[in-house]
C-alpha cells in the first residue's frame, strides 16, 4: 500500500492535463475518421471496430492515471514543514489505562487548533507506516521511555510530509487522599457561627506526562519537557459542636439530621481523561513552532 501511494504521488497535475489533451485529440480523430468511414466507397465495419477499441482504451488510461494523480493521502493538504503526531503511550506498570487512539486524535486536534503550523494527524501517520508498526513503536516507547534508533530510522524513511514528529508518554498517575481540614461556617452577615464547623475531605489526582519532538531530517531530539497537573475533588459536610455532654448529644443528633447516618467519605478523584486533555492542551501550546 505504501509503495502504491508513493507511486501515485509522482504524478503531477501537468501530466493529467497532457493526458486530457491527448484524449481529446483521440476523440477528434475518431470523429473525423468515422466521418470518412461513412463514405460509400470505404468499407467501415473493421475501421469502426478498431476506432471504438482505441477510444475505450484511451478513456481507460486517462481515468486510471487521473485517479492515480490524487492519492488516498492528499499531497496538497500538508507541507513538509509541518509536525506529525505519532501518538500517546503510557509507562508500563501503571495501573491507569488510556485509550491511545482517542488521545492521539485529541492531541492532533489540539495542535491543529493552535494554527501555528501544519499538523499531520496520527491517523495519517498510521496510513503511512501502518497501524501495526505504529503500535509496535508505541509499545517500545511505553517500555523504554524513548524511541529506539530503529524506530527513528523507520519514521525518517516513511516519507511523512513533515520535518518533525511529536509523541507523548504518561509517566505517572496516582490518587491520594489529602488530610481532612476544618473550616468555619459563616452566617448570611459573614459572621462565624461558633456552634458548627465545616469538614472538608479532598481527593487529589497527580498526573505527569512527558513530550518529545524529533527532527525527521536527522533523527535528533529537538525538545523534551515534562508536564504535571494535580486537580482536587472536594466533599464538605457541616458538623455541629457541643461544649457539654448534653450539648454533645444534641450536636450528634443535629449532625445525624443534617448529614444522615452515613459516614462522610472521600470523593471520587478527578478523571484521568480530563487530566490528560489538560496536559495535551498544555503541550500543544508549549510546542516550539520552529
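The values are calculated or read from the model by the stated rules, or taken from the named source; none is laboratory data. Remember, predicted model here, so these are calculated numbers, not experimental data. Neighbour counts run over all protein chains shown; Cβ positions are idealised from the backbone, glycine included.
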With the condition kept exactly as written, say whether any residue in segment 82-99 is without any contact (Cβ under 8 Å) to a residue 40 or more places away in the chain and in contact with a strand residue (DSSP E or B) (Cβ under 6 Å, 6 or more places away or on another chain). no
Residue 112 being part of a helix (DSSP H, G or I), over 17 Å from residue 212 (Cα atoms) and in the same structural domain as residue 222 (by TED's automatic domain parsing): yes
Somewhere in segment 216-225, is a residue surrounded by 12 or more Cβ atoms within 10 Å (Cβ to Cβ), in contact with a helix residue (DSSP H, G or I) (Cβ under 7 Å, 6 or more places away or on another chain) and on the phi < 0 side of the Ramachandran plot? yes
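Quick grid of which residues meet (1) closer than 23 Å to residue 217 by Cα; (2) modelled with pLDDT under 95; (3) outside any helix (DSSP H, G or I); (4) not assigned by TED's automatic domain parsing to the domain that holds residue 219:
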{"site": "102", "(1), (2), (3), (4)": "no, no, no, no"}
{"site": "117", "(1), (2), (3), (4)": "yes, yes, yes, no"}
{"site": "132", "(1), (2), (3), (4)": "no, no, no, no"}
{"site": "136", "(1), (2), (3), (4)": "yes, no, no, no"}
Being on the phi > 0 side of the Ramachandran plot and crowded, with 19+ Cβ neighbours inside 10 Å is true for just one of 87, 159, 93. Which residue is that? 87
Just to confirm my filter: which strands (runs of 3 or more DSSP E) fall fully inside segment 174-290 and include at least 2 residues that are assigned by TED's automatic domain parsing to the domain that holds residue 87, modelled with pLDDT of 85 or more and within 30 Å of residue 85 (Cβ to Cβ)? 192-215, 221-229
Taking segment 177-194 and keeping residues in contact (Cβ under 8 Å) with a residue 12 or more places away in the chain and loosely packed, with under 14 Cβ neighbours inside 10 Å leaves 177, 178, 180, 181, 182, 183, 184, 194
Out of 108, 123, report the one residue that is modelled with pLDDT of 95 or more and surrounded by 18 or more Cβ atoms within 10 Å (Cβ to Cβ). 108
